[in-house]
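Here is the structure we will look at, set down as structure tokens.
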Amino acid sequence: MAQELEIEFRNLITKEEYQTLTKAFKVKETDFFEQTNYYLDTDTFALKEKQSALRIRKKKDYYELTLKTPANKGLLETTQILGADQADSILKGSYIPVGQVRDELLKHGVRHEELVVFGSLRTIRAEKAYKKGLLVFDQNFYGDIVDYDLEYEVTDDVRGQKIFSELLADYAIVESPAPNKIERFYNKIYKSQH
């Protein structure tokens with residue numbers, strides 16, 4: 001279990017920009033990996049109301065349960081590792097196991113018993129170290145949507161913003177900060193159904 005501050009900059013990009021960037025940064029086929037995010041919230045979207053999000057992310061051979069909550073700069077991520085059996089149980093409606101994520105939910109006034117899975121998003125991702133940060137190239141699939149984004153994860157928000165803006169300018173990409181994946185998922189999938 002861990003808590004860390006997430007500071008990242010994100011820009012939606014076109015398929016062509018994605019292809020240009022992955023080529024420019026020499027991203028090889030073997031650099032890509034797949035992950036799936038399963039999003040949880042209450043029926044009334046209590047987490048969303050608090051600008052927070054809860055997901056289970058399936059990685060190669062394990063799962064992470066991550067709660068993201070607002071911090072002074074960026075988001076505070078509270079993460080605990082789940083076994084496949086635990087993740088499967090949660091996805092089928094069981095409660096969040098005892099641990100730091102459940103404790104944080106309670107601090108934010110959200111009862112873990114009320115959480116339900118409301119969808120998933122699959123990402124094909126590659127990562128490259130870049131100027132003391134991490135560049136993340138994502139192709140995302142949710143519903144009938146395929147989109148692309150470029151993220152830059154850093155520890156210094158001011159320096160990171162400058163580097164990210166310069167990178168976008170170098171490749172003539174219009175700077176348009178993108179909502180995070182759960183917001184895009186919610187806006188495309190949930191709002192279209194209700």
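None of the figures in this text is laboratory data; all of them are computed from the coordinates on show. Remember, it's a predicted structure, so these values are computed and weren't measured experimentally. Neighbour counts run over all protein chains shown; Cβ positions are idealised from the backbone, glycine included.
State to the nearest 20 debye the size of the charge dipole of the chain about its Cα centre, where the only charges are +1 on K and R beta carbons and -1 on D and E beta carbons.
80 debye
If you find the alpha carbon centre of region 1-53 and of region 122-194, how far apart are they in angstrom?
Going from one Cα centre to the other spans 6 Å.
Where does the chain land at 222 nm, in deg cm²/dmol rounded to the nearest 500, when only DSSP H runs of n ≥ 4 count, each adding -39500 (n - 2.57), divided by all residues?
For the chain, the value works out to -7000 deg cm²/dmol.
Give, in nm to one decimal, the length gained when the segment between Val116 and Ser89 is fully stretched (0.36 nm per residue of separation minus the Cα-Cα distance).
Result for the pair: 8.5 nm of gain on full extension.
In whole Hz, what ³J(HN,Hα) sequence does region 120-127 give by Karplus (6.51, -1.76, 1.60; θ = phi - 60°), x for Gly and Pro?
Karplus-based 3J(HN,Hα) across region 120-127 equals 9, 9, 9, 10, 9, 10, 9, 10 Hz.
Name the residues of region 114-148 whose amide N is less than 19 Å from a point 7 angstrom out from the Cα of Lys162 along the C-beta direction?
Under 19 Å, as judged by backbone N against the label point of Lys162, lie 130-135 of region 114-148.
Over region 101-194, with a single point scatterer placed on each C-alpha, what log10 of the ratio I(q)/I(0) does the Debye formula yield at q = 0.10, 0.13, 0.15, 0.23 1/Å?
Listed by q, the Debye log ratios stand at -0.40, -0.65, -0.81, -1.14.
Sort largest first and round to whole Å: the equivalent ellipsoid semi-axes of region 1-107, each the square root of five times a Cα gyration tensor eigenvalue.
Numbers: eigenvalues 163, 68, 35 Å².
Working through the eigenvalues yields semi-axes of 29, 19, 13 Å.
Sequence neighbours fewer than 8 away in the same chain don't count; with that in mind, list the lysines whose C-alpha is under 28 Å from Lys128.
Hits, sequence-local ones excluded: Lys15, Lys23, Lys26, Lys28, Lys58, Lys59, Lys60, Lys68, Lys73, Lys162, Lys181.
In whole Å and largest first, what semi-axes does the C-alpha gyration tensor of region 2-193 yield when each eigenvalue is scaled by 5 and square-rooted?
Values for region 2-193, descending: 29, 18, 16 Å.
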